[in-house]
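Notes to accompany the following structure.
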Amino acid sequence: MTSVARLAEMLRAARDAVVFTGAGISTESGIPDFRSPGGIWTQMAPIEFQDFVSSSAMRKEAWRRRFAMEAEFANSKPNAGHVAIAALVGRGTVGHVITQNIDNLHQLSGVPSERVIELHGNTRYAKCLECGMRAELEPIRAHFDVHGEAPDCPECGGLLKTATISFGQAMPESEMERAERATRACDLFVVLGSSLVVYPAAGFPLLAKRGGARLVIINREPTDQDYFADLVLHTEIGPTLQAAMNLLKETA
Ligand SMILES: [Zn+2]
């Protein structure tokens, strides 16, 4: 049996699968991997949360960088991998998608937002650090272009920041809890495009295995956790999932 056929067979047998995605699925949509060699964070240091809060110069720089990347985010579209995951959610195979990505592509591919658990937040909108109010980026950018800095929260005067989790910022508690609960409960855990190096991401595969789930890792490069996976594919995510979905449909 080929690896793709085994993947299709495991997806067919699953009753409550969890998909866990990292940068590798989004690079197939043209979103750069910030952490990769040559990635943006190897060229300029990321802005730490405490510097964002305490320095208006750092806030300006953070917003400048965010708006400089707007074209890449705005023009990116879900790829075959995202579409296959959305189909797996739609047929009830996958209950939750846990993602390290901040690009909103799972929601854009049609996964209901209540099924997406974003460990690192979302860069497509902003949030007030004081009252938590959601704010859209477009008016913030218009203000930034005129005044050279982002506006304060219209509700409470607090600082607005993209709704992402920065270095030095606490992990979102409720998302972590939901992710751990879904991982413990699942019968199949599928890692897509994560090198599984950064915690907390790195802890999830073992958590799933301890709960009795089978583990699949699809990543272009080998990971440190390949050795205890039930199936490992070092392939592109989109074509691999698409091929597995075709097999699922043929034998449905
Ligand atoms: Zn506020």
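Key figures for this structure:
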| item | result |
| --- | --- |
| Cut-off of 10 Å, at most 15 other beta carbons, DSSP loop: longest stretch of the chain lacking such trypsin sites (Lys or Arg not before Pro) | 92-219 |
| Of all DSSP beta bridges in the chain, antiparallel share, percent nearest 5 | 25 percent |
| Distance histogram for region 59-206 (every C-alpha pair counted, 5 angstrom bins, percent rounded to whole numbers) | 2, 8, 17, 20, 18, 15, 10, 7, 3, 1, 0 |
| Neighbour cut-off at most 16 other Cβ (10 Å), DSSP loop, GluC sites (Glu not before Pro), region 153-210 | E155 |
| Quotient of C-alpha Rg and 2.2 N^0.38 Å, computed over the chain | 1.05 |
| Derived scalar couplings ³J(HN,Hα) [region 92-108; Karplus, 6.51 cos²θ - 1.76 cosθ + 1.60; whole Hz; x for Gly, Pro] | x, 6, 9, x, 9, 10, 9, 10, 8, 8, 10, 9, 6, 6, 5, 5, 5 |
| Backbone HN-Hα couplings from phi across region 116-131 [Karplus 6.51/-1.76/1.60, Hz, Gly and Pro as x] | 9, 10, 9, 6, 10, x, 9, 8, 8, 8, 10, 9, 6, 5, 8, 9 |
| 3J(HN,Hα) from dihedral phi, region 152-169, Karplus parametrisation 6.51/-1.76/1.60, rounded to Hz, x for glycine, proline | 7, 4, x, 7, 10, x, x, 7, 8, 8, 3, 7, 9, 9, 7, 4, x, 9 |
| Proximal aspartates and glutamates relative to K60, as straight alpha-carbon distance under 14 Å, when same-chain residues fewer than 8 apart are discounted | E48, D51, D145, E149, D152 |
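Read-outs: derived from the displayed coordinates by stated rules, not from any lab. Only a predicted model underlies this, so the values are computations on that prediction, with no experimental measurement involved. We place every Cβ from the backbone using ideal geometry, glycine too, and count neighbours over all the protein chains shown.
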